[in-house]
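The values are calculated or read from the model by the stated rules, or taken from the named source; none is laboratory data. The model shown is predicted, which means the values in this text are computed figures rather than measured ones. Methodologically, a virtual Cβ is constructed for each residue, glycine included, from the backbone with ideal geometry; neighbour enumeration extends over all protein chains shown. Ligands, DNA and RNA are stripped out before the accessible areas are found, and what is left, the full protein with its side chains, is counted by its heavy atoms. Shrake-Rupley method; radii C 1.70, N 1.55, O 1.52, S 1.80 Å.
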Amino acid sequence: MLQKIFETGEAVYLHDGLLMMERHGYVEEAYFCYTCSPLFLEDGTVGGIWNTVIESTDRVLSERRLKTLSALGTCATNATSLLESAKLATDVLKGHKDVPFALVYLRDTMATTSDSASIVASTFDGNVLPESLDHVPRIIEDINSATDVTDWPITSVFRTSHEREITLPTDGIPGASKAVVYPISLHSNELQVQAVIVIGINKEREFDETYRNWFHLLLAQIATAFTTIQAKEDERKRAQMLAELDEAKTVFFSNVSHEFRTPLTLMMAPLEDALLDTELPEEHREKLSMMYRNGQRL
């Protein structure tokens, strides 16, 4: 680039150029805007270059993180189940530089014998974890009685609802040396952890307050999606239950009506005959007429 400026005398502008730097004790992902302007000598040739640099790292990170939050919110509205929502969320996070990897453990709400959970979605193709994560539990048979047999505190987070930070093996996931284990609860039942998500931390960025707050926003999006889906499912179940009750009520009254019809028919015929009797006293006729009218109503 500099040689081209010397040869052509034309200024060069580079927008948000990536430059890996080591200024805080680690190799850091940083972005800069460069303006390289030629400095001309008296004879018209380029004698030097004036380089103006403005760092744009914070803006670049903010824009790409905001874009991810927007995409996450959009895809969540298209899900029809918690499982589908988890898969759509990891699809959005796949390939994101600030999320080297993500795993989602979902509590099995249909289990009757034990309170279990398993990995239902991840940023790995086909949910196939790399060999460096062979020790990571794929299934937790019983959350209430199981203990964390590895350094991944999945069970503990399910039970305590407290986030935990873990250190990954040196030969673990490319782009990550640490990860955070977060609980996800539904807004309608914040006392029970519905899911646990493990998110890798970009080792080329400091896990500062801004980075951590962005993770919390990701979790809030996923929790909102889960809550919305669960509310729709609960509403569907209520509607189905009301429809079944209405059907049962209709069947019940149909049976009752049928059972009443036979004895009423046997009662109405003698009443009709009695009312046709011209010698029936008026006092009795009035009472029998009332009985006949009530029988017709039934």
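Worth a mention:
- Segment 1-151 shape via C-alpha gyration tensor axes, a/c threshold 1.5: prolate
- Space enclosed by the convex hull of the alpha-carbon atoms of the chain, per residue, Å³: 256
- Rolling a 1.4 Å probe over the protein chains gives residue 12 an accessible area of about 40 Å².
- Total formal charge among the other residues, if their Cβ is under 15 angstrom from that of residue 61, Lys/Arg +1 and Asp/Glu -1: -3
- For the residue pairs 97/232; 94/203; 249/287; 67/94, the alpha carbons lie more than 24 Å apart in 97/232; 249/287.
- Those aspartates and glutamates that a straight Cα-Cα span of less than 17 Å connects to residue 87, excepting residues fewer than 8 apart in one chain: 108, 125
- Restriction of the GluC sites (Glu not before Pro) in segment 1-81 to DSSP coil positions whose beta-carbon has at most 14 other beta-carbons within 10 angstrom yields 10, 42.
- Sorting 46, 196 by solvent-accessible area of protein heavy atoms yields 46, 196, largest first, with a 1.4 Å probe.
- With Cα atoms, 0 to 90° folded angle of helix 57-76 axis to the chain main axis: 20
- Built from the Cα atoms of segment 153-226, the convex hull projects on average onto 5.1 nm², one quarter of its surface area.
- When restricted to Cα atoms, segment 1-73 yields an Rg and a Dmax of 17.1, 60 Å, respectively.
- Folded to 0 to 90 degrees: helix 82-93 orientation relative to the chain principal axis, Cα: 20
- Taking label positions 7 Å along the Cα-Cβ direction at both residue 211 and residue 127, the computed distance is 2.9 nm, reported to one decimal.
- Net charge of Cβ neighbours under 13 Å - reference residue 147; Lys, Arg +1; Asp, Glu -1: -3
- Summing Lys and Arg as +1 and Asp and Glu as -1 over all other residues whose Cβ lies under 15 Å from the Cβ of residue 40 gives a net charge of -4.
- Compared with the dominant principal axis of the Cα atoms in the chain, helix 282-297 is inclined by about 30°.
- Förster radius 25 Å - calculated FRET efficiency between residue 166 and residue 235 (Cβ-Cβ, nearest 0.05): 0.10
- Interchain or long-range residues, amide H under 5 Å from residue 16's placed H: 32, 33, 34
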